[in-house]
Amino acid sequence: MPQVMLEGIPAKPGCYLMKDKAGRVIYVGKAVNLRSRVRSYYHASAAHDRKTVELVARIADIEWIVVDSELEALILEMNLIKRHKPKYNVRLKDDKRYPYIRVHWADPFPKVTMTRRMVNDGSRYYGPYTSVWAVHQTLDVLRKIFPYLTCDRTITGEDLRACLYHDIKLCLAPCIGVVNQATYRSMIEDICRFLEGHTEPILERLENEMERASAEMEYERAAAFRDQLTAIEKVVEGQKVVSKDKLDSDVIAFARDDRNACVQVFFIRRGKMIGREYFVLEGTSQAEDEEVVRAFVKQFYANSATLPQRVLLPLEIEEASIIESWLNRRSGHRKVKITVPQRGIKKELVAMAAENAAETLNMLRAQWEADRSKHVQALSELQEALGLADPPNRIEGYDISNLQGTAAAGSMVIFEQGSPNKSLYRKFTIKSVQGQDDFASMEELLKRRFSRWELSQETAKGPGAKLDRAFGVLPELILIDGGKGQLGRAADVLKSFGLEGKVPIVGLAKRHEEIFRLNRADPLILPRNSQALFLVQRVRDEAHRFALSHHRTQRRRSGLTSRLDTIQGIGPARRKALLQAFGDLEGLRSAGVGEIEGIRGINRELAERVKTEIA
């Protein structure tokens with residue numbers, strides 16, 4: 001790193017982004033004094049660990065962002081890590097869209113749904129959860145105890161008939177006036193308390209309501225309260241009492257091997273363990289234990305919808321005081337304390353969480369090994385079924401998505417060794433096709449893909465050049481979503497690039513899962529329980545999902561683009577940067593001024609203007 005570049009770094013708090021020769025961000029850090037911190041990487045006398053030595057060897061450029069305080073630097077660092085996913089930072093795996101339970105509190109008659117995005121719209125959020133299945137399981141339990149609305153009716157209380165859900169006791173039917181708004185919202189408040197682990201006030205209120213109804217000889221209503229009490233008590237019975245301490249606590253511990261780290265979180269509310277979740281971390285192979293725990297705490301609580309009064313950790317972490325300050329600021333109404341217990345029940349809880357983390361990691365490792373075995377079997381079956389010379393270790397799937405010819409989008413997904421490599425996925429905005437013509441759209445997509453392949457062959461010949469792994473490598477099998485017609489047009493594209501016979505290509509038709517091959521009259525039908533069929537279905541479905549996602553983004557962005565065009569100071573470059581960072585209008589609205597200011601080229605004044613005008 002040239003000395004002149006190091007001298008230009010200010011002695012102020014902020015974040016630094018280290019980049020490699022390709023311009024990729026490979027590490028994000030924060031510092032109270034940027035100049036001192038960055039220079040420390042280049043001190044010859046510094047006893048750097050192996051990870052830092054490897055990092056420094058790859059640094060080609062350093063960018064920095066100055067902020068006003070260490071707390072602001074902490075917040076910006078977390079946002080930058082989430083956005084860039086740098087190779088040398090410890091980070092949550094697949095953290096972009098964890099599912100949450102959302103209570104639509106701002107609505108007159110709130111519903112309870114699942115979401116993957118927290119928005120500052122007056123709703124209450126609970127999570128994150130690590131699986132959609134866990135969310136739906138929780139919602140099923142909630143609805144049996146608290147029969148909340150799920151329909152889209154405008155509630156007036158004057159409808160003539162309720163829906164079927166009222167008949168099977170899964171809705172209170174405010175639509176026909178069985179309950180009023182105050183009673184319904186009281187039940188939704190109980191749901192919130194239940195999710196927070198505070199069941200005593202709910203039980204007390206229901207007991208009072210049951211006794212009152214019984215005294216007034218409303219026995220059917222009293223029986224309904226009794227059934228609700230029984231259901232809640234049955235759930236509460238499964239919540240183990242682990243502490244006489246009534247403070248709400250999260251207990252965090254971890255287990256790791258040479259490549260992976262698994263963190264277990266116990267959620268303890270009013271002395272009872274109400275749930276637990278595990279999270280897998282990436283970038284941990286060369287990280288110290290302290291860095292693993294510190295990175296998890298920051299990233300988990302940046303995503304967490306609720307905060308406890310106390311966080312119990314297995315070891316001391318750097319920045320504990322500044323992280324506490326940040327958590328206190330986030331909680332808004334109560335102090336959050338980070339502690340490392342030395343004895344007693346709290347230390348036993350940390351040890352129990354660590355034991356659970358180790359068991360979970362062993363389970364995941366066995367699952368990963370089983371998946372690898374299935375992938376090998378699937379590729380072998382596919383090789384035999386298609387008559388390929390070798391197993392198709394690189395499969396590329398393609399699909400087109402549009403709505404009546406508007407915002408047509410294409411996708412390229414890549415599976416390597418039977419597993420999706422999402423870092424190599426690519427999306428395409430169809431440019432040359434007017435109206436709805438999937439054949440022509442697929443033709444354009446493939447021409448652009450293999451034009452990039454030709455270009456990469458030329459550029460990869462230069463000194464020090466690096467091969468583009470997405471476009472610069474030929475697939476060993478192409479799978480397109482479609483039948484004979486789509487397959488024929490795709491084959492013509494391969495022929496035009498001199499790849500006829502060199503790259504196998506097939507089409508998969510949805511209706512009967514038929515595989516169409518070139519120069520074969522009859523389609524191939526794979527056995528229904530074969531791993532080969534499961535693999536091609538997964539490639540097809542993933543290509544469809546990715547194309548549909550881009551298509552929806554295109555439609556949303558058209559609305560955001562028009563809004564941004566009216567804001568003074570937002571030109572094409574800044575508009576593109578905002579679109580890349582936040583995706584759509586909802587994402588930009590939910591971002592803080594600090595996050596918007598973190599976008600290159602946007603200062604505080606402009607960030608505040610954007611925030612005001614898109615509100």
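FYI, it's all coordinate maths here, none of it is from the lab. This one's a predicted model, so the numbers in the text were calculated from it and none came from an experiment. Heads up, the Cβs are rebuilt from the backbone with ideal geometry, glycines too, and the neighbour counts pull from every protein chain shown.
Look at the dipole of segment 100-198 built from charges on Cβ: of Val179, Cys151, Val135, the Cα furthest out on the positive end belongs to Val135. Listed by chain and number, the aspartates and glutamates whose alpha-carbon sits under 14 Å from that of Lys347, ignoring those within fewer than 8 places in the same chain, are Asp245, Asp250, Glu316, Glu355.
Shown here for segment 158-208: trypsin sites (Lys or Arg not before Pro) in loop regions (DSSP other than H, G, I, E, B) with at most 10 other Cβ atoms within 10 Å, namely Arg161. About its Cα centre, segment 394-552 has a charge dipole of approximately 280 debye under the convention of +1 per Lys or Arg Cβ and -1 per Asp or Glu Cβ, with nothing else charged. Net charge within 9 Å of Leu74 by Cβ-Cβ distance, Lys/Arg positive one each and Asp/Glu negative one each, not counting Leu74 itself? Net charge in that neighbourhood comes out at -2. Of Lys21/Lys422; Lys51/Lys298; Lys93/Lys447, which pairs sit farther than 25 Å apart, going by alpha carbon to alpha carbon? Where the Cα-Cα span goes over 25 Å, the pairs concerned are Lys93/Lys447.
In the chain, Cα pairs under 8 Å separated by at least six residues give a relative contact order of 9 percent. Mean sequence separation of contacting Cα pairs (under 8 Å, at least six apart), scaled by the length of segment 394-552, corresponds to a relative contact order of 28 percent.
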